[in-house]
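The values are calculated or read from the model by the stated rules, or taken from the named source; none is laboratory data. Since we're looking at a predicted model, the values are computed, not measured. Every residue, glycine as well, gets a Cβ built from its backbone with ideal geometry; the counts of neighbours run over all protein chains shown.
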Amino acid sequence: MNEAALFGALIVAVYAMGTLSFLWLLLVPAPYGRHARKGWGPTIANRSGWIVMESPTVIVFAAVYAAGPLRAEPAPLVLLAAWMLHYVYRAFIYPFRIRSTTKRMPLTIVGMGFAFNVLNAYLNARWISKFGSYGGGAGVDGWLWAGLVLFLGGWLLNQSADHRLIRMRRTDDSTYRIPRGWPFRFVTCPNYLGEIIEWSGWALASRSPAALAFAVFTFANLAPRARTHHRWYHDRFPDYPSGRKALIPFVF
């Protein structure tokens, strides 16, 4: 099997994993964060787990990208910058911003996340640095810039929601409160909505089958968790805003 055939098979695998994850998470909340529970084997400190799990998105992506023949072209470089904007923060900055002194994460979750991130980093980096076709330059590619605008909008929403959640728990990581104000006015999980928008924009900008599969996987992974968060808040807080949706304003 040549690399192009393997590449296509791995994209099919991402869709399969997304489908299985969606169905599983509708029934069983992923056991970390507020939904952590016993019965999932050995655990690791939450902060360490995040770093280990997310590190391939930077390290593997950079290595695969650097090996591609298109690595010095303008459009792939712009896409590389967008990817790193999200994942350098997510892998190596965000874990030190959250208050996770008492929380732990099952090693099974860390392992599954690590494996997926290795696969996803390879697929997306390999496409933009080898298999993709972006013409002579970034400046004339309307799809690229339209997708990047969408990506940055999602990134700003994700950052805004994360910042407010972190500020709410700055002094106590054992007490949950109802998030209020922008960007929580309409949905329980604007951070998840922002991430879904980000990777939809990435798919548009890169016009990559790997990116489209990742966008679908992101929704399949985060939509059920948003639903679980939403129900958790309603169960825990009788005064939780009744008009607030889980993920998509006015819809879901």
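May I ask you to list the residues in the range 219-252 that are of a type in the set (D, E, K, R) and in contact (Cβ under 8 Å) with a residue 60 or more places away in the chain?
First, pick out the residues of the range 219-252 that are of a type in the set (D, E, K, R): 225, 227, 231, 235-236, 239, 244-245.
Passing the criteria: Arg225, Arg227, Arg236, Asp239, Arg244.
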key: Scan of the range 155-186 for residues that are among the aliphatic types (A, V, I, L, M), in contact with a helix residue (DSSP H, G or I) (Cβ under 6 Å, 6 or more places away or on another chain) and at pLDDT 90 or above, ordered by number   = Leu157, Ala161
request  = Just one of (1) farther than 23 Å from Ala223 by Cα; (2) of a type in the set (Lys, Arg); (3) surrounded by 12 or more Cβ atoms within 10 Å (Cβ to Cβ) trips up Lys38, so point out which.
outcome  = (3)
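Okay, residues lined up against (1) of a type in the set (Phe, Trp, Tyr); (2) touching a Lys or Arg at 6+ places or on another chain (Cβ under 6 Å); (3) at pLDDT 95 or above:
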{"residue": "Pro29", "(1), (2), (3)": "no, no, no"}
{"residue": "Arg34", "(1), (2), (3)": "no, no, no"}
{"residue": "Trp40", "(1), (2), (3)": "yes, no, no"}
{"residue": "Thr43", "(1), (2), (3)": "no, yes, no"}
{"residue": "Ile51", "(1), (2), (3)": "no, no, yes"}
{"residue": "Pro56", "(1), (2), (3)": "no, no, yes"}
{"residue": "Ala63", "(1), (2), (3)": "no, no, yes"}
query = Which condition number does Trp182 fail, the rest of (1) assigned to a loop (DSSP other than H, G, I, E, B); (2) in contact (Cβ under 8 Å) with a residue 24 or more places away in the chain; (3) aromatic (Phe, Trp, Tyr) being met?
reply = (2)
ask   = So which of Tyr65, Tyr122, Tyr134 is outside any helix (DSSP H, G or I), touching a residue at least 60 places away in the same chain (Cβ under 8 Å) and not acidic (Asp, Glu)?
value = Tyr134
Qualifying positions in the range 1-45 - more than 17 Å from the chain's Cα centre (by Cα), within 23 Å of Trp232 (Cα to Cα), in a helix (DSSP H, G or I) and touching a residue at least 12 places away in the same chain (Cβ under 8 Å) = Leu26, Arg34, His35
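Return the only residue of Val14, Val64, Val28 being of a type in the set (A, V, I, L, M) and within 26 Å of Lys103 (Cβ to Cβ).
Val28
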Every residue from the range 79-103 that is at pLDDT below 95, buried (at least 17 other Cβ atoms within 10 Å of the Cβ) and not hydroxyl-bearing (Ser, Thr, Tyr) = Pro95, Ile98, Lys103
